[in-house]
1. I need to check one value: relative contact order of region 56-132, counting alpha carbon pairs closer than 8 Å and at least 6 residues apart, in percent.
2. Please rank 258, 295, 10, 221, fewest neighbouring Cβ atoms within 10 Å first, as an exposure proxy.
3. Over region 86-197, what is the relative contact order in percent, taking alpha-carbon pairs closer than 8 angstrom and at least six residues apart?
4. Is region 216-329 rounded, prolate or oblate when judged by the Cα gyration tensor, a ≥ b ≥ c being the square roots of its eigenvalues, rounded requiring a/c under 1.5 and prolate requiring a/b larger than b/c?
5. Arranged by the count of other C-beta atoms within 10 angstrom, fewest first, what order do 319, 67 take?
6. R0 = 25 Å: FRET efficiency of residue 115 with residue 315, Cβ-based, nearest 0.05?
7. Enter the mean projected area of the convex hull around the alpha-carbon atoms of region 203-278, in nm², rounded to one decimal.
8. Scaled to the compact-protein estimate 2.2 N^0.38 Å, what is the alpha-carbon radius of gyration of region 53-115, rounded to two decimal places?
């Protein structure tokens with residue numbers, strides 16, 4: 001098997017990297033009872049009909065995450081896997097509201113994650129950024145309160161904000177004020193849009209929230225004017241192929257619109273989203289696409305370059321990573 005091409009991962013939810021084995025280990029450590037008899041039974045439950053059916057299990061399993069150590073172990077496990085898959089930079093989402101409702105505070109989550117992320121470059125050769133996401137199916141007022149609670153970490157441990165969770169019926173414009181405040185604080189802005197939701201949600205993410213990247217965005221192809229704008233403005237799209245299949249956005253990987261997105265001149269990147277649940281990490285997604293869609297070496301290199309140029313790293317690090325991508329040799 002060929003060496004993974006160096007890449008950045010820009011769309012991964014740290015809670016979605018919770019593998020069944022670690023879930024059981026943390027449950028045992030924290031005295032949490034899981035509704036599954038074994039790792040195999042839990043893994044068999046990772047079968048979803050849509051985004052909401054996935055989220056139901058996703059939030060239920062978060063019950064095992066209680067302490068700073070738990071979040072450190074979770075992040076450390078992801079970083080080791082990501083590094084083995086060629087990830088050289090990771091911009092990682094986390095959902096503080098999903099933990100707050102369980103009585104787990106912002107300090108516990110951020111400090112726990114930071115303990116792993118701060119050592120990631122030395123231990124794994126992976127630079128990192130942490131992006132705090134707001135749950136779009138929760139009230140906008142709660143998002144504002146979450147941003148205020150995170151103030152001590154903004155611009156430090158937390159370098160950006162995002163918007164995730166159930167998309168349908170929760171348009172980006174609902175979060176106009178909290179994104180305006182995040183912009184004033186100098187944070188990077190991203191948002192999930194155009195996964196299950198319509199192209200109109202992508203327009204809102206751009207025009208109302210002022211995002212720098214669109215997470216998912218595959219439904220942009222339904223709107224020619226939107227495609228032209230995304231192409232012209234070079235707005236990155238963080239596409240998650242395995243996720244799209246598992247959540248029935250597309251029926252098969254062979255049906256994925258990524259080739260059409262590339263042909264349209266869009267800045268597409270390939271990411272894992274919630275890899276423990278969707279069957280693979282960043283390189284697994286890349287190789288799956290290559291097999292299913294017949295992507296060329298040049299296509300893969302373009303996707304890897306896109307991931308680096310779309311990241312929020314500094315110019316020196318970006319230049320170094322692009323050199324790594326360009327120097328990569330493909331082997332059978």
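1. 45 percent
2. 221, 295, 258, 10
3. 26 percent
4. oblate
5. 319, 67
6. After rounding, the FRET efficiency stands at 0.35.
7. Value for region 203-278: 5.0 nm².
8. Region 53-115 yields a ratio of 1.17.
Values quoted throughout were computed directly from the atomic coordinates according to the rules given, and no laboratory measurement underlies them. Please read all numbers here as calculations on a predicted model, not as lab measurements. Please note: Cβ atoms are built from the backbone with ideal geometry, for glycine as well, and neighbour counts cover all protein chains shown.
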